[in-house]
Each structure stands twice: as C-alpha cells, then as structure tokens.
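> Provided herewith is a single structure, encoded as structure tokens, for subsequent inquiry.
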Amino acid sequence: MPTILLEKSAISSVHRNCEALMMLQKKGLHKKNSSIAVVATLFGDKEDVAWLEENHLVDWAEAKLDGFLGSENYDDSQLRTIALGLNKKRPILIIQGPPGTGKSGLLKELILLAVGQGERVLVTAPTNAAVDNMVEKLSNIGVDIVRVGNPARISPAVASKSLIEIVNAKLANFRAEFERKKSDLRKDLRYCLKDDSLAAGVRQLLKQLGKTLKKKEKEAVKEILSGAQVVLATNTGAADPLIRRMDSFDLVVIDEAGQAIEPSCWIPILQGKRCILAGDECQLAPVILSRKALEGGLGISLLERAATLHEGVLATKLTTQYRMNDAIVSWASKEMYDGLLKSSSSVSSHLLVDSPFVKSYKCLESVFQVPRFVEDLDGGAAGAYVNNVVYLERPTWITQCPLLLLDTRMPYGSLSVGCEEHLDPAGTGSFYNEGEADIVMQHVFSLIYAGVSPTAIAVQSPYVAQVQLLREMLDELPDAAGVEVATIDSFQGREADAVVISMVRSNTLGAVGFLGDSRRMNVAITRARKHVAVVCDSSTICHNTFLARLLRHIRYFGRVKHVEPGTSGGSGLGMNPMLPSVS
C-alpha cells in the first residue's frame, strides 16, 4: 500500500465536522472563498440574495438543453432538474427525489453533462455504501473517476477505481524495480557488515531508495487526483488532506443528503463553487443519539432546511416514479408527498405474475409433493405432467396481489400462539418475534413455490434481533438462497420485486417504538416494485394512527389473511407453502 496514503492523521468524524463549522464561520463569507455564493444563499436573507442577483453572481434560471440527445429518456420534472443543475451560476440546487423517481440515474446524467461542459466534480454521500453505489454507476461512462477513502471500507466491486489501486497500477513497474534494487542492496549489506563505512554507505542507499519511492507515490497521487474529472468520497472523507490540497471543484454533488447531519455536508461544500444536494427528507433522517443535539436542531438535515429557504426557489422535485405498482405508491404519495407522486404507465399495474421467471415457472415434483402443492395453490391449477414436472396453467393469487396483510391477530380477537414480542436477552434493547419469523418463512416459500426467484425477494424488519433470527432461519434453507434480509434502515436506496416486512411489535400496551416513524415506514414500503407483505399484530400496530392508516390502505387495495405459525417451525420443504392456517 502506498506509504503516502498511510501517513494521513486519524481524525475522527466529529473532529472533521467541527473543523468544517469553524472554517465556515471563519472563511465562509470571505471574498476569496470559492463557495461564498453557496454560503450567502444558505445563511443570508432576501436582501443578501437580491444583492447576489443584482451583481450577477447568481442566476436561478434553467440552462438551455439544446442538442441534449438523451432528452427523450427523461420526463418533464427530470429534464427541468437537469437544466437547473447545469446552470453554472446557480450556487445551489436541492433535488428532492421520492422513491423510484430515478434520482440516482439523474445524478449520473448530471455529472456526465457537467464534466462535458468542462467542470471538475466532487461527489460525496454520508455512507461508504452510497458512495460506492455512485462509483458503480459512473464506472463505465467514459469519465475519469477516483474513489478516495479507507480501502477496508470500499466495496470490492469498485476497488479498481480506488486511489490506492490506481496508484499501485501506475507504479507497478517502478515498484518491481524498487524491490529488486532493495533486495540487491540488502545482499550487499550482508557482505559489508565487517566494514562500517561500506555498511553505512549501503544503509544510506537503502534510505535514499525509500525516499525515492515516497516521492514517486506523492507525484502519482497528485497526478491522478489533479487529472480526475470526478472525485468521490464520503462527506467526512472529503476532509482528507489529499482532497483539500486540490484546487476548488467546480461542482459538489451530495447524494442521500437527507441522511447526513448538516456539519458533515459543509466539509465538501466549502471545497466547491456550487453544489447540488440530492435526497428525500421524507425518508430516513440523520441518526442522532443525543437528546441535546436533537434539541439543537442537528436532526434536521441541510437538505430539509435549505428546501424551505427563499420561497422554495432552491428546490425542485421529481414527481414521476418508475418502480412501484400503483397500489403501493398511492399510499406513499398520499401520506408523504401531498398526493404529488405519480406512476409511470410502465409500472402502474405491473405484478409478480408479469415477471419472466414467474411466467416460465416450473415446479419439480422431486422437490415437493406435487399433489398436495397443487391442491393448496388457491387460485392456481395444475397442467400436464411431463417428465415428473408439473406446469401451472395459471399463476397463484399471490403473484397477482400487490399488497398483503398477514395479521397475527385472529378475527375473534386473540393473538396467534407464539406471536408475542420478546426483548433480546443479549441486552441490545432490540426486539424479536419468533411467531412472526415463522410466518415470514412460510410466506417467502409461498412466493418461491409460486415461481418468484429468491433473488427477487427481500425481507425487512426494523429490529436487528429479528433480522438476525430471520437470517439464521433462512441459512438452514438451501432453496431460499438469494433471499436478502436486512434492517429497514440499511435497505434504503435498494429495491426488490417482492418485499416482506416483519413489524415484530405485539403487546397489550399498543407500544410500537420507532415503527411510528413515518419516514422509516415510507422507506420500508417503497422498496417494493410489485408485492408488499406486512406481517404484524394489527391490534398493537393500530394504536398508532399513522400505521392504522397504512393497514386500512392495504385492506382496501390488497388482501388480508389471518395467520399463525406453522407446525413445522418454518423450516424444511415439508411445510404447506400457502399458509395452512389461513382463515
């Protein structure tokens, strides 16, 4: 590993955030600060912005997109966003991207076009995963990119774009020659040990050789970074001296800005002439553990604060989504986006049954007892037997159902046996629910046996203890290999054809914990393209009015099944795949 990259001081994120705020206070409005227009816009009043406009320092208009060949691939709100983002005199643009509206793809296009008009771009995000996602999108579009950061935290999928890997590749021949010379000198040293003056000379040559390598590495790093059209790092990673020593960037793009605390955003912003903040304030907010910090406003992201400034002139919203069935997105649109989020006709009515892997589905008799399977398919029918394979003539109801509530509270009011919540005995403060986990397993196999690929299924829960339990259960089932299990928070930015959500909470007090956070549930529901199944105790969940409206929406636009854990304990293929206890 290049020694120059190991010599960076280990500064904590907290220190870097504080340092950015001190720099903002000291130099934010200094005339030589390249980001002065951004600072003045975000902290100034109407008079300050008017002064900037009068002196032609800012311009809020849309750039002309004459000759933009890809215009037919974007809707009106996306084209307007691109036009606003390419205006070099616009100090800041807030892109509000609700789920499925193509925000990430739009940022990729904006960055490509910005580079095309001669701008150098710094791209950041609050997490390494989000940064690596952008690296992946930008990797094969003809743009020279460099990912800066701790190699241990960079995804192997994009490691070839990391600064260390690029430096290693560039210096490969020099290093080979360096190692050869070092080996020769060490051999010479062994022969010179009896002669102090000769030994000292060889040691001096070894020392000089090491200095030469360090110099070469510094030169390589400087050349690579100065030649890069796009540099990517986390928000706090942008405080790296290797980046700070560079000339100011023309454009700073911060993705998932709604999840970032404001101080961390100022680290990259102060290194650019203008900036774009992209995210969704209706999804997960910054994680703040200190009550005092929350009271001080640290829980409000810069994206959320800036979107309301200057009568909303800083922000633009994407309004057409290309991910979810209408039954799914209509809830999110009404609850979170003032009814403004609309569906593209290409996805508004799509279902699991439309997927190629469901259409061509075949169930091997050797894997499952076909007669029982066919008998329980509730809406499916068996076709001809060919070579011990049964072909379904029509899909089961489950592949035509966009919304499903699997309720552990039975119609007569009692709770299904074994579906009580439990506090994690490990003392983590997390909750788990074994009965719900069993029902989740049953439903996952319902989907698989209906022809849905395991890789198209995602299971979410807000609680880490439940996620661990579900992973352990799935690990014992080879046929479910490929099903992803994650916390709701870690699944933001991802999507799947079918999503199963285990809510966990079931108690007589109606306590729902952080399930009541509307933004968290918005993330959970909107990860799905074609099918969402919510597993919960409705009597507990409905104590929260927001969640009660969600369940009412599912009842109206989907189906409800009252369920209880299967006798098989949720393991093995011998269980009835279509929920044997469905009432």
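> Separation between the Asp75 and Gln117 pseudo-spin-labels, each 7 Å from Cα along Cα→Cβ, expressed in nm?
Distance between label points: 2.4 nm.
> Rounded to the nearest 20 Debye, what is the dipole magnitude of region 37-133 about its Cα centre when Lys and Arg each give +1 and Asp and Glu each give -1 at the C-beta?
About 280 debye.
> Thr308 to Asp489: extension gain in nm, 0.36 nm per residue of separation minus the Cα-Cα distance?
Using 0.36 nm per residue and subtracting the Cα-Cα distance, I get 62.6 nm.
> Moving on to the next point. For Leu423 and Met410 in the same chain, what is the full-extension length gain: residue separation times 0.36 nm, less their Cα-Cα distance, in nm?
That works out to 2.4 nm of additional length.
> Around Ala278, under 9 Å between beta carbons, what's the net of Lys plus Arg minus Asp minus Glu among the other residues?
-2
> While we're on this one: Can you pick out the pairs among Lys170/Lys218; Lys64/Lys161; Lys108/Lys317; Lys161/Lys317 whose Cα atoms lie more than 22 Å from each other?
Lys64/Lys161; Lys161/Lys317
> Once both labels are modelled 7 Å past Cα along the beta-carbon direction, what's the Cys18-Glu47 spacing in nm?
About 3.5 nm separates the two model spin labels.
> Can you pull out the trypsin sites (Lys or Arg not before Pro) in region 405-494 whose DSSP state is coil and whose Cβ has at most 15 other Cβ atoms within 10 Å?
In loop regions of region 405-494 (DSSP not H, G, I, E or B), the sparsely surrounded trypsin sites (Lys or Arg not before Pro) are Arg494.
> Students often forget the sequence filter, so: which aspartates and glutamates lie under 18 Å Cα-Cα from Lys215 once same-chain residues fewer than 8 apart are removed?
Counting by Cα, and skipping residues close in sequence, Lys215 has these aspartates and glutamates nearby: Glu7, Glu165, Glu177, Glu179, Glu223.
> Quick check: pseudo-label points 7 Å beyond the Cα along Cα→Cβ at Ser349 and Lys214, how many nm apart are they?
With each label placed 7 Å out from Cα toward Cβ, I get 7.0 nm.
> Distance between Cα centroids, region 332-354 to region 30-89: provide it in whole Å.
Spelled out, the Cα-based centre of one part sits 30 Å from the other.
Each reported figure results from applying straightforward, stated rules to the coordinates on display, with no laboratory input. These numbers were taken from a predicted model, which means no experiment stands behind them. Glycine also receives a Cβ, built like all others from the backbone with ideal geometry; neighbour counts cover every protein chain displayed.
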